[in-house]
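Just below is one structure, and these are the notes that go with it.
The values are calculated or read from the model by the stated rules, or taken from the named source; none is laboratory data. Since the structure is predicted, the reported quantities are computational estimates derived from the model, not experimental observations. Glycine also receives a Cβ, built like all others from the backbone with ideal geometry; neighbour counts cover every protein chain displayed.
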Amino acid sequence: MEKTDLLKQYKAYYSATVQPVLGRTGPVSYISVSGKGDPSGPAFAENVAALYTVAYTIKAHCKGQQKDFTVPKLEGQWWYDEKKYGLHTMASAPGHIPREEWEYRLLIRMPAFVREETMAMAKAKVIAAKKMERATMIEWLVLEEGHVVRVLHTGPFATEPETLQRVQDFMEERGLVRNGLHHEIYLSDFRKTPADRLKTILIEPVK
């Protein structure tokens, strides 16, 4: 049985350069869970755990159907209440918005043969077998960001504003403006990787 590896199948999606590049992201299907608050807090960790538990339950089901796949990297979209805190550039927002006020949507990409009903089955199984109530929050999401600026950030999340400033400069030089939520792909497992070795793809939808 052949195993689908999304990191190999979609190499361009899971790679970026240290200099910002303009690209395009077509419709992509994910399982997702939304939340609000400090990403170093327990609620965030519980949401990550619930998302991965459902993802691996989907994987086990698909393997039984002779369609195995490798569960890919965690991703996230981030935003805040702009009415409350005003407009900030992507580079300046992290320094102005309290960590507990950030809202997020965690994502794990699914292969094309996985459908929403498969996710619903996996959710029900996780809730019944593991009593994991957070699994009730997991949703199916199809995201089409269109034109995006992508860049690779290496190092701790605290230094992302430096990389985001390069993205901001790149956009301004080309007359581009923000057109969606800030998006990150975590190439490293931030639960285990030293901060200075973290690799994160930063994505800004633009128009």
TODO: Report yes if some residue within the range 143-163 is part of a loop (DSSP other than H, G, I, E, B) and over 18 Å from the mean Cα position of the chain (by Cα); otherwise report no.
DONE: no
Task: First in the range 66-85 and more than 15 Å from residue 105 (Cβ to Cβ) and free of Cβ contacts under 8 Å to residues at least 12 places away in the same chain, second anywhere and among the polar types (S, T, N, Q) and outside any helix (DSSP H, G or I), Cβ under 9 Å, 6 or more apart - done: none
Task: Meets criteria (out of contact with any Cys (no Cβ under 8 Å at 6 or more places or on another chain), outside any helix (DSSP H, G or I) and either loosely packed, with under 14 Cβ neighbours inside 10 Å or among the aromatic types (Phe, Trp, Tyr) (or both)) for residue 190 - done: yes
Task: Enumeration of residues in the range 55-85 that are among the hydrophobic types (A, V, I, L, M, F, W, C) and more than 24 Å from residue 182 (Cβ to Cβ) - done: 58, 60, 62, 69
Task: Matching residues, the range 6-20, being exposed (fewer than 13 other Cβ atoms within 10 Å of the Cβ) and among the hydrophobic types (A, V, I, L, M, F, W, C) - done: 12, 18
TODO: Return the residue satisfying two criteria in turn: it lies in the range 31-84 and is farther than 15 Å from residue 130 by Cβ and among the aromatic types (Phe, Trp, Tyr), and of such residues it is surrounded by the fewest Cβ atoms within 10 Å (Cβ to Cβ).
DONE: 79
- [ ] Go through (1) outside any helix (DSSP H, G or I); (2) closer than 24 Å to residue 14 by Cβ one by one and return the number of the condition residue 166 breaks.
- [x] (1)
Task: Residues that are part of a helix (DSSP H, G or I) and of a type in the set (Phe, Trp, Tyr), drawn from the range 29-64 - done: 44, 52, 56
- [ ] Starting from the range 109-129, keep only residues that are over 20 Å from residue 73 (Cα atoms), then list their pairs with residues that are assigned to a helix (DSSP H, G or I) whose Cβ atoms are within a distance under 6 Å, requiring at least 6 positions of separation or different chains.
- [x] 125/57; 126/53; 126/54; 126/57; 126/135; 127/135
TODO: Run down 125, 67 and say which single residue is part of a helix (DSSP H, G or I) and closer than 25 Å to residue 29 by Cα.
DONE: 125
- [ ] Taking residue 177 as the residue in question, decide whether it is of a type outside the set (Asp, Glu) and either touching a residue at least 40 places away in the same chain (Cβ under 8 Å) or buried (at least 20 other Cβ atoms within 10 Å of the Cβ) (or both).
- [x] no
Open item on the list: Taking the condition of being more than 25 Å from residue 144 (Cα to Cα) and touching a strand residue (DSSP E or B) at 6+ places or on another chain (Cβ under 9 Å), how many residues in the range 1-38 meet it?
Closed with: 2
- [ ] Can you tell me which residue within the range 193-207, out of those that are more than 18 Å from the chain's Cα centre (by Cα) and assigned to a loop (DSSP other than H, G, I, E, B), is nearest to residue 147 (Cα to Cα)?
- [x] 207
Task: Scan of the range 169-187 for residues that are over 17 Å from residue 75 (Cβ atoms) and not in a helix (DSSP H, G or I), ordered by number - done: 174, 175, 176, 177, 178, 179
TODO: Could you tell me which numbered condition residue 136 fails, if it satisfies all but one of (1) more than 29 Å from residue 17 (Cβ to Cβ); (2) in contact with a strand residue (DSSP E or B) (Cβ under 8 Å, 6 or more places away or on another chain); (3) modelled with pLDDT of 95 or more?
DONE: (2)
TODO: Among the residues of the range 94-120, write down those that are buried (at least 22 other Cβ atoms within 10 Å of the Cβ) and in a loop (DSSP other than H, G, I, E, B).
DONE: 110, 114
